[in-house]
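This report concerns only the one structure given below.
The values are calculated or read from the model by the stated rules, or taken from the named source; none is laboratory data. Remember, it's a predicted structure, so these values are computed and weren't measured experimentally. Don't worry about glycine lacking a Cβ; one is built from the backbone with ideal geometry, like all the others, and counts go over all protein chains shown. To get the accessible areas, we keep the full protein, side chains included, count just its heavy atoms, and leave off ligands, DNA and RNA. Shrake-Rupley method; radii C 1.70, N 1.55, O 1.52, S 1.80 Å.
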Amino acid sequence: MNTLISKLNSLPNSYFEFVDSVADYAEEKEEHLNILLDFLNANPSVTPSDVIKFISLQPDFSDSDAPVNDHDVLAV
């Protein structure tokens, strides 16, 4: 996990909430940590936006323990 956090902090325009959120995602499953490290190692010039997009495209991204309330996302 320390390697991941170090890599995330070294990205251009990295910020605390980004690193914290990605670390939380990586802690959910060892597979998450491995795919993130593989992605970062294969793409050394990525941005935080690239990492967020990569995570959001993962097949289990929407398998969250806490369902999202539409009112939290949409101005209804």
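Is there any pair with a first residue in region 25-40 that is touching a residue at least 12 places away in the same chain (Cβ under 8 Å) and a second that is part of a loop (DSSP other than H, G, I, E, B) and open to solvent by less than 100 Å² (accessible area, probe 1.4 Å) whose Cβ atoms are under 7 Å apart and which are 6 or more apart or on different chains, and what are they?
The qualifying pairs are Ala26/Met1; Leu33/Met1; Leu40/Val46.
Where residues in region 35-66 are polar (S, T, N, Q) and open to solvent by 70 Å² or more (accessible area, probe 1.4 Å), which of them is nearest to the chain's Cα centre (by Cα)?
Per the stated criteria, the residue is Ser49.
Can you pull out the residues in region 7-24 that are open to solvent by 20 Å² or more (accessible area, probe 1.4 Å), outside any loop (DSSP other than H, G, I, E, B) and within 16 Å of Ala42 (Cα to Cα)?
Lys7, the sole residue that qualifies.
Any idea how many residues of region 25-34 are more than 10 Å from the chain's Cα centre (by Cα) and part of a helix (DSSP H, G or I)?
Residues in region 25-34 being more than 10 Å from the chain's Cα centre (by Cα) and part of a helix (DSSP H, G or I): 5 in total.
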